[in-house]
1. Mind telling me which of the residues Q74, Q111 ends up being more than 17 Å from the chain's Cα centre (by Cα), under 23 Å from W156 (Cβ atoms) and not acidic (D, E)?
2. Collect the residues in region 39-90 that are among the acidic types (D, E) and touching a residue at least 24 places away in the same chain (Cβ under 8 Å), keeping them in residue-number order.
3. All but one of (1) touching a strand residue (DSSP E or B) at 6+ places or on another chain (Cβ under 7 Å); (2) over 18 Å from A16 (Cβ atoms); (3) among the charged types (D, E, K, R) hold for D98, so report the exception by its number.
4. Keeping to region 13-44, report how many residues are part of a helix (DSSP H, G or I) and either under 19 Å from Y123 (Cα atoms) or among the charged types (D, E, K, R) (or both).
Amino acid sequence: MRKSILKRSKVIVQEADFDLTESTRWLREGLPQVGAVACFVGTVRDINDNSSVSAMTLEHYPGMTEKSLENIIQVASERFEIVSALIIHRVGPLLPQDQIVLAACTSEHRQQAFLACEFMMDYLKTEAPFWKKEDTDKGSKWVSARDSDDTAKTRWEQNK
């Protein structure tokens, strides 16, 4: 396990949209050692499992969700040499093309930032307590976790 060099991290769960430029500015501000910023932005698709999606509602367990996301950043900082990290996740009603999630981190070099960002998303998809309901052309339905998300997480567990 590497020694953590994490200087700053933040978790935000909110209904409002987020600004990618403002978020990456916060990640880098006052941290001259940062040489790389890696970001993942997830958005609402208009189709899922061969159904047209007209809207989505994300629910969460306040308090538990933030703690889970903070833990994901902590574990990432122990595995990768990241300087700062940010997770923003939206809840409430969303429409196709709306931003859902931002996972972002910085490091001195790009490889650590890329790996840490991917790790955070793989763990977020499997560990964070969010519940997703989609309104589709076939009615409303709660969406189950995907096997591919579990497979992605397992890859990290095998490569500690």
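1. Numbers: Q74 fails: more than 17 Å from the chain's Cα centre (by Cα).
Result: Q111 is the single residue among Q74, Q111 that is more than 17 Å from the chain's Cα centre (by Cα), under 23 Å from W156 (Cβ atoms) and not acidic (D, E).
2. Correct list: D46, E59, E66, E70, E78, E81.
3. (2)
4. Of the residues in region 13-44, the ones part of a helix (DSSP H, G or I) are 20-28.
From the residues that got through so far, the ones that are either under 19 Å from Y123 (Cα atoms) or among the charged types (D, E, K, R) (or both) too are 22, 25, 28.
Result for region 13-44: 3.
Computed from the coordinates by the stated procedures, all read-outs in this text should not be read as laboratory data. Please read all numbers here as calculations on a predicted model, not as lab measurements. We place every Cβ from the backbone using ideal geometry, glycine too, and count neighbours over all the protein chains shown.
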